[in-house]
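The values are calculated or read from the model by the stated rules, or taken from the named source; none is laboratory data. Nothing here was measured: the structure is a model prediction, and the numbers come from that model. All Cβ positions, glycine included, derive from the backbone under ideal geometry; neighbour counts span all protein chains shown.
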Ligand SMILES: Nc1ncnc2c1ncn2[C@@H]1O[C@H](COP(=O)(O)OP(=O)(O)OP(=O)(O)O)[C@@H](O)[C@H]1O
Ligand SMILES: [Mg+2]
């Protein structure tokens, strides 16, 4: 064995070896270190470079100086109407009182003022529901994530819409509420003891050994009890009906883009797999769908759904206008997402499939456990880019008569008190769009870095 | 070698033919592997070596002939096929470790998802196999943080975790730098000495001479010659084999 495996050793052992001493490392020249070194190397390394630096700084300064003078320096903060603003500073400063007066509408649209707490409550629930996903000791993250995507919409739609609830609708709302309670309880019990809510409940009551069938039944009983509690709570709740026509502003924008985002990722995964399927019918259908929706502008799809859909439906069946827009946005964004995910799938070498199937994993297991996690990971920047695009594209729903953030901001200038006040509301919503989109893109960068920590060579 | 075969042979290929489109890659392959036998497959590039061993665990489907593993033949039943291939471990030229999982998770992967072992048990076995290929200290790292030789040893450990009865190797050292070849060959020699049934496609003739019970030479989709290593290297029958050996030795 030694003779075989040390093939090259014979040649090396002839002369007495000289000893190799590596040179000691020296410190780098000081002019290349620290802030000063960086500035000198990167901003003033040559005369043209220095000129560009100076020019750049001047442009940035001039730009921000102009904006800040208008938005802060000369701005008016208190006034009864636009006339007063103009009398005080003319057009040299912003007239913020109009925007401030309209902020509730910019955020909630025409949602009744005394009911706005329902939207805020849904927002708080959403945050609390998502929070455990970032808690280190929580283990059931997959279940929590799934419950968030599948069950939160049930609870939220009731909070937003209110009104009469039949038996089935109540059961669904209760499912949403139960999912929320389960998430909170599980996050708590797993942080305390490492056991999910069901197991913890069983352990607390003190059932027999690990393999006791009573344990399983006990867990089911605990979950059922939770559902019954939720059902009773839902029965006791009674919210007045708010028609979707009153929804608007940032709230509406978030509803449409939130549903679009939550829907497009799973639907995109299904479509991408469908397109790559070896079954010709499935692959053809997926491809047709994707190509159809990708080759038409979103505006056209919105229009088509808005005006043509009723023609295909039986007389008397009325589909809510918001729902039509949401369906259009969902289909459009799924088609785009499908192509992004297909790109990710194509980047995964064949060897990964082969290794998985050589282990005896079936198609769904290989796809779900080996291929998809890698494909989604390399595609995070593009996926989040698509989310950002979708968030901004929702501004197009204004053309089918929905009052999203953008159209709400135009309404300010049509108010008789603030007639002609367009620039300030635009500036304000620009800030909102910027904050939301920038947060998403920063989060995606952060996610990318954390997930690829193991892959740095 | 005794001819007495205990029970069904681990691998049996009878009249196997395979085409890629119109191209006839495997022509009437007959191969019978005995329990604990170590077979080295060699031959020029494109001769169908990879295709042949990939047929043994059905990464490639053959069109004619029968392949049996411990007496069970591959057929139309996909679940049965998956069950058969779980008897077989495979090591690839390009390692094919899962880059998104740590070394330990790579090793426990099949145990967790195919054999449904509890976490603790799976990790114990994974550590045992990593120790066997001499890299237990790398368990927490990710595959791309390791050298090629280390990655290939992890791949061997990962395949061994599922306790296969047969191991297939497709040029396991061909994409390694020369200094790393030996550490992988060492692990394979150790495995051979433990009595594993192995089919190895390789150009490492030293390994073949030392470890193989039988060397198979393939050309243009056919098994040209098969013989024990001494005879194969010192007195090959066919001119084609002699030409090949004169090029690689
Ligand atoms: N998926 C495929 N589709 C079409 N032809 C293929 C495919 N895989 C392999 N071939 C062809 O089949 C022949 C045999 O390939 P195979 O990979 O088995 O050769 P090999 O003996 O392993 O060669 P190497 O030493 O280069 O790995 C080659 O001519 C190759 O081009
Ligand atoms: Mg090959």
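Report, by residue number, each residue of region A:346-372 that is assigned to a helix (DSSP H, G or I), within 14 Å of another protein chain (Cβ to nearest Cβ) and within 16 Å of residue A:383 (Cβ to Cβ).
A:371, A:372
If we keep just the residues of region B:166-182 that are in contact with a helix residue (DSSP H, G or I) (Cβ under 6 Å, 6 or more places away or on another chain) and facing chain A (nearest Cβ under 9 Å), which is farthest from ligand 2 (Cβ to nearest atom)?
By that ranking, first place goes to B:182.
Restricting to region A:72-103, count the residues that are touching a strand residue (DSSP E or B) at 6+ places or on another chain (Cβ under 7 Å) and over 18 Å from residue A:430 (Cα atoms).
The total comes to 6.
Let me confirm something: among A:352, A:321, which residue is surrounded by 14 or more Cβ atoms within 10 Å (Cβ to Cβ) and at pLDDT below 95?
When all the criteria are applied, what remains is A:321.
In region B:107-144, how many residues are in a helix (DSSP H, G or I) and either more than 9 Å from chain A (Cβ to nearest Cβ) or free of Cβ contacts under 8 Å to residues at least 12 places away in the same chain (or both)?
Residues that pass the stated criteria total 22.
Modelled with pLDDT under 95, within 16 Å of ligand 1 (Cβ to nearest atom) and over 13 Å from the mean Cα position of the chain (by Cα) - does that describe any residue in region B:179-199?
no
Name the residues in region B:27-58 that are within 14 Å of chain A (Cβ to nearest Cβ), within 15 Å of ligand 1 (Cβ to nearest atom) and under 21 Å from residue B:191 (Cβ atoms), would you?
B:40, B:50, B:53, B:54, B:56, B:57
Among what's in region B:205-229 and is in a loop (DSSP other than H, G, I, E, B) and more than 14 Å from the chain's Cα centre (by Cα), pick the residue that is nearest to ligand 1 (Cβ to nearest atom).
Once the filter is applied, the top-ranked residue is B:221.
Among the numbered criteria (1) assigned to a loop (DSSP other than H, G, I, E, B); (2) away from chain A (no Cβ under 12 Å); (3) on the phi < 0 side of the Ramachandran plot, which one does residue B:100 miss?
Going through (1) assigned to a loop (DSSP other than H, G, I, E, B); (2) away from chain A (no Cβ under 12 Å); (3) on the phi < 0 side of the Ramachandran plot one by one, residue B:100 breaks only (2).
For residue A:242, state whether it is closer than 21 Å to residue A:154 by Cβ, at pLDDT 80 or above and not in a helix (DSSP H, G or I).
yes
Looking at (1) within 13 Å of another protein chain (Cβ to nearest Cβ); (2) within 16 Å of ligand 1 (Cβ to nearest atom); (3) out of contact with any strand residue (DSSP E or B) (no Cβ under 7 Å at 6 or more places or on another chain), find the lone condition where residue B:163 falls short.
The single condition residue B:163 does not satisfy is (2).
Just need a number here: residues in region B:59-73 that are within 13 Å of chain A (Cβ to nearest Cβ) and either more than 19 Å from residue B:165 (Cβ to Cβ) or more than 18 Å from the chain's Cα centre (by Cα) (or both).
Qualifying residue count for the region: 2.
Hey, any hits in region A:376-394 for a residue that's without any contact (Cβ under 8 Å) to a residue 12 or more places away in the chain and within 14 Å of chain B (Cβ to nearest Cβ)?
No, region A:376-394 has no match at all.
Would it be correct to say that residue A:101 is in a helix (DSSP H, G or I), in contact (Cβ under 8 Å) with a residue 40 or more places away in the chain and under 28 Å from residue A:421 (Cα atoms)?
In short, yes.
Which residues, taken from region B:55-91, are surrounded by 22 or more Cβ atoms within 10 Å (Cβ to Cβ) and within 16 Å of ligand 2 (Cβ to nearest atom)?
B:55, B:56, B:57, B:90, B:91
Quick one: in region B:145-160, of everything that is without any contact (Cβ under 8 Å) to a residue 60 or more places away in the chain and either within 12 Å of residue B:102 (Cα to Cα) or touching a strand residue (DSSP E or B) at 6+ places or on another chain (Cβ under 9 Å) (or both), which residue is nearest to the other protein chains (Cβ to nearest Cβ)?
In this case the residue turns out to be B:145.
Tell me whether region A:304-315 contains one or more residues that are within 29 Å of residue B:94 (Cα to Cα), surrounded by fewer than 19 Cβ atoms within 10 Å (Cβ to Cβ) and away from chain B (no Cβ under 14 Å).
no
Could you check region A:170-209 and list, in sequence order, the residues that are surrounded by 19 or more Cβ atoms within 10 Å (Cβ to Cβ) and outside any helix (DSSP H, G or I)?
Within region A:170-209, A:196 is the sole residue that qualifies.
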